[in-house]
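So the structure is just underneath, and the comments pick up after that.
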Number of protein chains: 2
Amino acid sequence: MSIERIKHEGLRQKVMTAEQAAEFVKDGMNLAITGFTGAGYPKALPTAIANKAKAAHAKGEKFTIGMVTGASTAPECDGVLAEADAIHFRSPFQSDPTLRNNINAGKTAYQDMHLSHVEQQMRQGFYGKFDITIIEAAGITEDGKIICAMGIGHAVEAIKNAEAVIIEINAALSEGLEGMHDVYADVGLPPHRKPIPITGPFDRIGSPYLECDTDKVLAVVLTNAGDRNSKFAEPDEVSKRIAAQVIDFLDHEVKAGRLPKSLLPLQSGVGNVANAVMAGLLDAPFDDLTGYTEVLQDGMLDLILAKKMKTASATALSFSPDALARFNENIEFLKDKIILRPMEISNNPEVIRRLGVIGMNSMIEADIYGNVNSTHVMGTKMMNGIGGSGDFTRNGFFSFYVSPSTAKGGAISAIVPMVSHHDHTEHDVMFIVTEQGMADLRGKAPRQRAKLIIENCSHPDYRDMLRDYYDRAEKAGGLQTPHILLEALSWHQRFVETGDMRIK
Amino acid sequence: MSIERIKHEGLRQKVMTAEQAAEFVKDGMNLAITGFTGAGYPKALPTAIANKAKAAHAKGEKFTIGMVTGASTAPECDGVLAEADAIHFRSPFQSDPTLRNNINAGKTAYQDMHLSHVEQQMRQGFYGKFDITIIEAAGITEDGKIICAMGIGHAVEAIKNAEAVIIEINAALSEGLEGMHDVYADVGLPPHRKPIPITGPFDRIGSPYLECDTDKVLAVVLTNAGDRNSKFAEPDEVSKRIAAQVIDFLDHEVKAGRLPKSLLPLQSGVGNVANAVMAGLLDAPFDDLTGYTEVLQDGMLDLILAKKMKTASATALSFSPDALARFNENIEFLKDKIILRPMEISNNPEVIRRLGVIGMNSMIEADIYGNVNSTHVMGTKMMNGIGGSGDFTRNGFFSFYVSPSTAKGGAISAIVPMVSHHDHTEHDVMFIVTEQGMADLRGKAPRQRAKLIIENCSHPDYRDMLRDYYDRAEKAGGLQTPHILLEALSWHQRFVETGDMRIK
């Protein structure tokens, strides 16, 4: 029973239904809501708020909220609120199909942010106070401290910067989560900031509990529902070939003495290809690996269970249903091997650079000069968002971008003359890897990079087109970064018009 | 006399002419050469190397070098070597007209880098060893330690990663520089890195001297020549209007309690507009200002001399001739108010974020969504480079981009539909300021930003053109970031073809 998880007497008195709690939420309010990549989001209240919005809209009344989360949530949160046209502003990351449609239709204003910026900008007062913060938790201690759910995200600042708080206690969460969190709440404001005292990826620097003034709590709602546990695709041939190249390169660096045999802490972005790299590490010649990442997925969990990885640090756990079962079964074994931190710490430039994290992220497309688009489809439509990829790319020891060389059955090339949106610039991206090959961009000028990216990474169907563009661009203007300005984005326009980047 | 500045007996024995020292430099070598924004570069050796290259070329022989500096140097360094076609690779920043032409003509491969990345990538072995490092210094102590010149830049790593070292001792430098430097050489390699122990902008954490194994020193060359001391333009009306808006905004934030009355440490990019903001602060209602910047120019010097600024930290001093005279005259007063650090420290994301530096940089252009181009003219030609602007923009408390709204007598708009090169993305830029007005982009979605930038920042000559583009873009595709892909860069193409971005 959920109620038994509330050990604090005063907060037990505040238990009510989601519908009752939703009454506190008014039109125009700004809400901070926990949730990070399908974990740790409230399960009941968003539907109750969405129903309120629908009822208001049916009566011709306005009802929308501004909503700042940790990262993406799930259909029961972003999905239901978007379906009710209830979100006027959303930040910093999402991946819900209905919300995405609303964003790209201009119904929801979406600010896509580096995740490491979110909490400090809240603390610095850039957003003002939040009217209500809604958090999911696994329990409440006798003295009113909160045991976080499968992630922390921005919960610390979301509570500190809220006028009021509503807590959902989810009985479906393992009680073994208690003690896995490391809630560091001392980042502070300049000019009074101190170094973040992490020198190893598994250093504990905070408390296992989240603190909240119990007087600020308006309501506690009881739930019993799983996170959004999406199944991962089994690594296919393309993913395996990408993974093998990354692993071969790391092995080469170890042999050259430029990396320790246990590598450096690994970050892995969300998605099937990134997950395939982790799967590939199961059989790689490295031991005592460590993780320092934002989302811990199946691949990293299995590395820990297989004792290839010693420890991992993340801000959230995002598992397939099978992996969740393995996690819950092994939670006692995992307890001293997994740390969950605030996303300001998991994604902190200071810590990422100090530890020398090896960053691996997927992309929508890269251009011939090494700029990467992580967010926009054909330049104008938002896919998900930049998430933490910029934090790790700019500050990591290595920054890998991985993708199959084509998408949509070959109609889209992941290597284009110019990316249609720039999220990571030529200054930050070190390696582009497709199933075709890898380009090491370090220490190279743009024209040197172009040759490597075209010859090593592009799909053969597009290679001649890229060579042709590049050759003509060299005759068109300056030779630092040759481009034909009116043609640079023409591949994307062709796709919009014909459904294929290739010339028919 | 320069020779008296060499107190170490062994190194005195190695004094020779620049021509003799240049004999150590062979075709194909990779050199690390100190120098940062016209300060601290060798004055004699580059000409001797250039003469060697010219003589070789006259005989039909190959002679080029790879060259990694701190930042830009001067005509007597980048200029003479470029004029001799002697540079095949150059990184990380330059501003020399002859070298720029070589880069844009494809004769020199130029890697434009974040300055905070340079030293760590050298240490991490991304460049291999340098054959020879050439540094400028103000003197050598009895025990062979080096007193740096008007800047430090990448000198620490340049020496550590060199097979051999050549030192130029410049008698034109004030001997009062001794003690002004803070050489921190302990950043180290992961997984053994510790926090950088700076918690205030004036914290000293290193030694006043640069260390170098005297056995590695091939030669010491004596010089007596000034740095490249370019005159700044007196702030004009446009610069003053930009400065006034930045200062008004900061004053507003102080009054709202979101900034201390002494502000937070200031960073100011290179150039006349940035210098004008510093000049404007002379009469602003703030006291006890501090600086944490990469290049300390006239404006910041005058703030210190006027006792408006308590202390400033930089990696180099880049003065006009008049300001250099004021600096030298007041060096005893300034000694405990200016620190010069390695650029890995002046530009360190960890420190910049911790201190909450207020970053102010100039730009070539911004687009209607807040992306900024700092480096490329019309998308293909390199101007100077990104320098440290990315380090401060991504990590600062505030990030301002300042520019007049037009250039070339109105033929170029600084606000365009899409920037022709992306150095700082919509995720990083907080404020765009022109003489027309200011756009505060924080917490806003791209379409909200577009309205602000067009209405507040663009020049009236271009405002209707921007409104028209934006209105049509809203009908053309997705509404996260509306664009007309084939038209987005057409303003630049029009300028290339007609010399004017406006439609005639």
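Structure data summary
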quantity: Condition met for B:P195 (within 25 Å of the chain's Cα centre (by Cα), surrounded by fewer than 22 Cβ atoms within 10 Å (Cβ to Cβ) and assigned to a loop (DSSP other than H, G, I, E, B)); calculated: yes
quantity: Residue among A:V429, A:V433 that is within 29 Å of B:H88 (Cβ to Cβ), away from chain B (no Cβ under 11 Å), part of a strand (DSSP E or B) and under 26 Å from the mean Cα position of the chain (by Cα); calculated: A:V433
quantity: Which listed residue is acidic (D, E) and in contact with a strand residue (DSSP E or B) (Cβ under 7 Å, 6 or more places away or on another chain), from B:D227, B:D251; calculated: B:D227
quantity: Selection from the stretch B:486-501 of residues that are of a type in the set (V, I, T) and within 17 Å of B:I364 (Cβ to Cβ); calculated: B:V496
quantity: Checklist (1) away from every other protein chain (no Cβ under 14 Å); (2) of a type in the set (A, V, I, L, M, F, W, C); (3) over 22 Å from the mean Cα position of the chain (by Cα) applied to B:F232, failing item; calculated: (3)
quantity: Residues within the stretch A:386-397 that are within 11 Å of another protein chain (Cβ to nearest Cβ) and either surrounded by fewer than 24 Cβ atoms within 10 Å (Cβ to Cβ) or assigned to a loop (DSSP other than H, G, I, E, B) (or both), tallied; calculated: 4
quantity: Long-range neighbours under 7 Å by Cβ, at least six apart or interchain, first residue over 19 Å from A:N102 (Cβ atoms) and at pLDDT 95 or above within the stretch B:447-460, second of a type outside the set (D, E) and assigned to a helix (DSSP H, G or I); calculated: B:I454/B:R463; B:I454/B:L466; B:I454/B:R467; B:I454/B:Y470; B:S458/B:L466
quantity: Residues of the stretch B:233-243 that turn out to be surrounded by 18 or more Cβ atoms within 10 Å (Cβ to Cβ) and in contact with a helix residue (DSSP H, G or I) (Cβ under 7 Å, 6 or more places away or on another chain), as a count; calculated: 4
quantity: Checking A:K408 against (1) over 24 Å from A:E253 (Cα atoms); (2) in contact with a strand residue (DSSP E or B) (Cβ under 9 Å, 6 or more places away or on another chain); (3) more than 9 Å from chain B (Cβ to nearest Cβ), the condition it does not meet; calculated: (2)
quantity: Lone qualifier among B:D287, B:D298 - being charged (D, E, K, R), surrounded by fewer than 24 Cβ atoms within 10 Å (Cβ to Cβ), within 25 Å of B:N328 (Cβ to Cβ) and more than 14 Å from the chain's Cα centre (by Cα); calculated: B:D298
quantity: Subset tally (residues that are in a strand (DSSP E or B) and closer than 16 Å to A:K7 by Cβ) for the stretch A:206-226; calculated: 4
quantity: Any chance A:F24 is closer than 15 Å to A:D85 by Cα, among the aromatic types (F, W, Y) and at pLDDT 95 or above; calculated: no
quantity: Subset of the stretch A:471-495 [more than 7 Å from chain B (Cβ to nearest Cβ) and either under 34 Å from the mean Cα position of the chain (by Cα) or in a loop (DSSP other than H, G, I, E, B) (or both)]; calculated: A:K475, A:A476, A:I484, A:E487, A:W491, A:R494, A:F495
quantity: Residues that are within 26 Å of B:D471 (Cα to Cα) and part of a loop (DSSP other than H, G, I, E, B), drawn from the stretch A:365-385; calculated: A:S374, A:T375, A:M378, A:G379, A:T380, A:M383, A:N384, A:G385
quantity: Residue list for the stretch A:307-340, filter: assigned to a loop (DSSP other than H, G, I, E, B) and crowded, with 22+ Cβ neighbours inside 10 Å; calculated: A:T315, A:S318, A:F319
quantity: Search result, residues across the stretch B:357-368 that are surrounded by 24 or more Cβ atoms within 10 Å (Cβ to Cβ) and not aliphatic (A, V, I, L, M); calculated: B:G359, B:N361, B:E365, B:D367
quantity: Only listed residue being on the phi > 0 side of the Ramachandran plot and surrounded by fewer than 23 Cβ atoms within 10 Å (Cβ to Cβ), chosen from A:G153, A:G188; calculated: A:G188
quantity: Positions within the stretch B:439-481 being closer than 22 Å to A:M378 by Cβ, among the basic types (K, R) and crowded, with 18+ Cβ neighbours inside 10 Å, in sequence order; calculated: B:R447, B:R449
quantity: Qualifying residues in the stretch A:158-177 (those that are charged (D, E, K, R) and surrounded by 16 or more Cβ atoms within 10 Å (Cβ to Cβ)) - the one farthest from A:E19 (Cα to Cα); calculated: A:K160
quantity: Near pairs, Cβ below 7 angstrom, 6+ apart or cross-chain, from the stretch A:241-259 (within 13 Å of another protein chain (Cβ to nearest Cβ)) to any residue that is part of a helix (DSSP H, G or I); calculated: A:L259/A:L250; A:L259/A:E253
quantity: Qualifying positions in the stretch A:95-131 - of a type outside the set (D, E, K, R), away from chain B (no Cβ under 13 Å) and crowded, with 24+ Cβ neighbours inside 10 Å; calculated: none
quantity: Residues located in the stretch A:354-385, provided they are more than 22 Å from A:D203 (Cα to Cα), within 10 Å of another protein chain (Cβ to nearest Cβ) and charged (D, E, K, R); calculated: A:K381
quantity: Residue count, the stretch B:15-69 (criterion: among the aliphatic types (A, V, I, L, M), assigned to a helix (DSSP H, G or I) and either buried (at least 19 other Cβ atoms within 10 Å of the Cβ) or touching a Gly at 6+ places or on another chain (Cβ under 6 Å) (or both)); calculated: 8
quantity: Residue list for the stretch B:482-500, filter: surrounded by 24 or more Cβ atoms within 10 Å (Cβ to Cβ) and over 17 Å from A:T380 (Cα atoms); calculated: B:W491, B:H492
quantity: Residue check for A:L263: of a type outside the set (F, W, Y), buried (at least 23 other Cβ atoms within 10 Å of the Cβ) and in contact with a strand residue (DSSP E or B) (Cβ under 8 Å, 6 or more places away or on another chain); calculated: yes
quantity: Subset tally (residues that are outside any helix (DSSP H, G or I) and either within 12 Å of chain B (Cβ to nearest Cβ) or touching a Lys or Arg at 6+ places or on another chain (Cβ under 8 Å) (or both)) for the stretch A:437-470; calculated: 7
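One line per residue, one yes/no per condition, for (1) of a type in the set (A, V, I, L, M, F, W, C); (2) touching a Pro at 6+ places or on another chain (Cβ under 8 Å):
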site: B:T375; (1), (2): no, no
site: B:G385; (1), (2): no, yes
site: B:I412; (1), (2): yes, no
site: B:M430; (1), (2): yes, no
site: B:C457; (1), (2): yes, no
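The values are calculated or read from the model by the stated rules, or taken from the named source; none is laboratory data. All values reported here derive from a predicted model rather than from experimental measurement. Cβ coordinates were reconstructed from backbone atoms using ideal geometry, including for glycine residues, and neighbour counts include every protein chain displayed.
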